[in-house]
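Q: Got a structure for you, questions after.
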Amino acid sequence: MKRSVFFIAFLSCCSFIMAQQASSSCNDTQKIFFGLSVGPTIDWFAPTNDAIIKKNAKGGFIAGADINFALAKTTQIYFATGVLVRYLQGDFSFNNRYLFPSPTDTLEISTVRTYQTTYITVPTGIKFRTKSIKKCVFLGKIGLYHNFRVGGNQVDNFSFPGENAPISPKYYISTEKVKNKDAAFFAESGYFGLGFEYLLGKSRVFVNVDYSCQFNYFSKKAKSNITAEQFKSIVHSLHIVFGFYF
């Protein structure tokens, strides 16, 4: 299914470029672009086993520098790479066992765990640009994000002693925020997207809308402390990115 999605996206980008072969009113010969970008993301976990249950989408951001190298004489096909900082948030629910001050006092309860993860991301992909038409350029892109975890935290939230307990008032508890020890050090993502550029002299301003799918999130050590079942999930993301090339 994943291969089919990216294959269809690739063909769509190629068709889009071929359909935009029109006369240009601006200089389309630039072979290298350096750029800076920043924008918000919307991220959500999609569990791939029964150990966890998905919850709400959360906001993050992606920012950094990128460089594009022309791969053809027509300067319409580019290799795109760079260095980005990606901040990802997400949460899910599951049953967890907590040990309270008394060594024999434990409780299994439904918990919502929130993860905050910072990655250094290196994109490698192909970008397709149309010829400029009245200073406007349209583009499509497809590729991979290579994500390296450099930081992050996690925190649990639950109600005590439980939704069905006949005790009032109900207490809502948050655990201490601790270092994110569940996220894998390396995570691979696929992405594709569309964008628009406007020429300002030798520079360009742009906006992109991208979708990415992170194929893994958890390390092998991330498991339920009740069943020992490993946590498994992919992460879907929508990026809206603004920036400029010079």
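The values are calculated or read from the model by the stated rules, or taken from the named source; none is laboratory data. Worth saying up front: this structure is predicted, and the values here are computed from it rather than measured. Using ideal geometry, Cβ is built from the backbone for each residue, glycine included, and neighbour counts are taken over all protein chains shown. Side chains are part of the model used for accessible areas, which takes the heavy atoms of the whole protein and leaves out ligands, DNA and RNA. Shrake-Rupley method; radii C 1.70, N 1.55, O 1.52, S 1.80 Å.
Q: Just checking, does region 36-43 include any residue being in contact with a Ser or Thr (Cβ under 8 Å, 6 or more places away or on another chain), in a strand (DSSP E or B), of a type in the set (D, E, K, R) and open to solvent by less than 20 Å² (accessible area, probe 1.4 Å)?
A: yes
Q: Right, residue 117: in contact with a His (Cβ under 8 Å, 6 or more places away or on another chain) and at pLDDT 95 or above or not?
A: For residue 117, the condition - in contact with a His (Cβ under 8 Å, 6 or more places away or on another chain) and at pLDDT 95 or above - is not met.
Q: Output the residue which, of all residues in region 56-71 that are part of a strand (DSSP E or B) and within 15 Å of the chain's Cα centre (by Cα), is surrounded by the most Cβ atoms within 10 Å (Cβ to Cβ).
A: My answer is 62.
Q: Return the residues of region 180-224 that are part of a strand (DSSP E or B), touching a strand residue (DSSP E or B) at 6+ places or on another chain (Cβ under 7 Å), modelled with pLDDT under 95 and open to solvent by 70 Å² or more (accessible area, probe 1.4 Å); say none if nothing qualifies.
A: Once the filter is applied, which keeps residues that are part of a strand (DSSP E or B), touching a strand residue (DSSP E or B) at 6+ places or on another chain (Cβ under 7 Å), modelled with pLDDT under 95 and open to solvent by 70 Å² or more (accessible area, probe 1.4 Å), region 180-224 yields only 223.
Q: Here's another thing I want to ask about it. So residue 115 passes all but one of these: (1) open to solvent by 40 Å² or more (accessible area, probe 1.4 Å); (2) assigned to a strand (DSSP E or B). Which condition number does it fail?
A: So the condition that residue 115 fails would be (1).
Q: Taking the criterion of being modelled with pLDDT of 95 or more, in contact with a strand residue (DSSP E or B) (Cβ under 8 Å, 6 or more places away or on another chain), open to solvent by 20 Å² or more (accessible area, probe 1.4 Å) and of a type in the set (S, T, N, Q), would at least one residue in region 143-157 satisfy it?
A: Yes - at least one qualifying residue is present in region 143-157.
Q: Pick from 5, 83: which is modelled with pLDDT of 90 or more and among the hydrophobic types (A, V, I, L, M, F, W, C)?
A: 83
Q: Looking at region 113-122, is at least one residue more than 30 Å from residue 136 (Cβ to Cβ), among the β-branched types (Val, Ile, Thr) and touching a Ser or Thr at 6+ places or on another chain (Cβ under 9 Å)?
A: no
Q: Does residue 81 count as open to solvent by 20 Å² or more (accessible area, probe 1.4 Å), hydroxyl-bearing (Ser, Thr, Tyr), within 26 Å of residue 39 (Cα to Cα) and in contact (Cβ under 8 Å) with a residue 24 or more places away in the chain?
A: When the stated conditions are applied, residue 81 passes them.
Q: Look through region 72-97, keep the residues that are under 20 Å from residue 44 (Cβ atoms) and of a type in the set (Phe, Trp, Tyr), and return whichever of them is farthest from the chain's Cα centre (by Cα).
A: Among residues in region 72-97 that are under 20 Å from residue 44 (Cβ atoms) and of a type in the set (Phe, Trp, Tyr), the one farthest from the chain's Cα centre (by Cα) is 94.
Q: Given the criteria closer than 19 Å to residue 43 by Cβ, in contact (Cβ under 8 Å) with a residue 12 or more places away in the chain and open to solvent by less than 50 Å² (accessible area, probe 1.4 Å), does residue 128 qualify?
A: no
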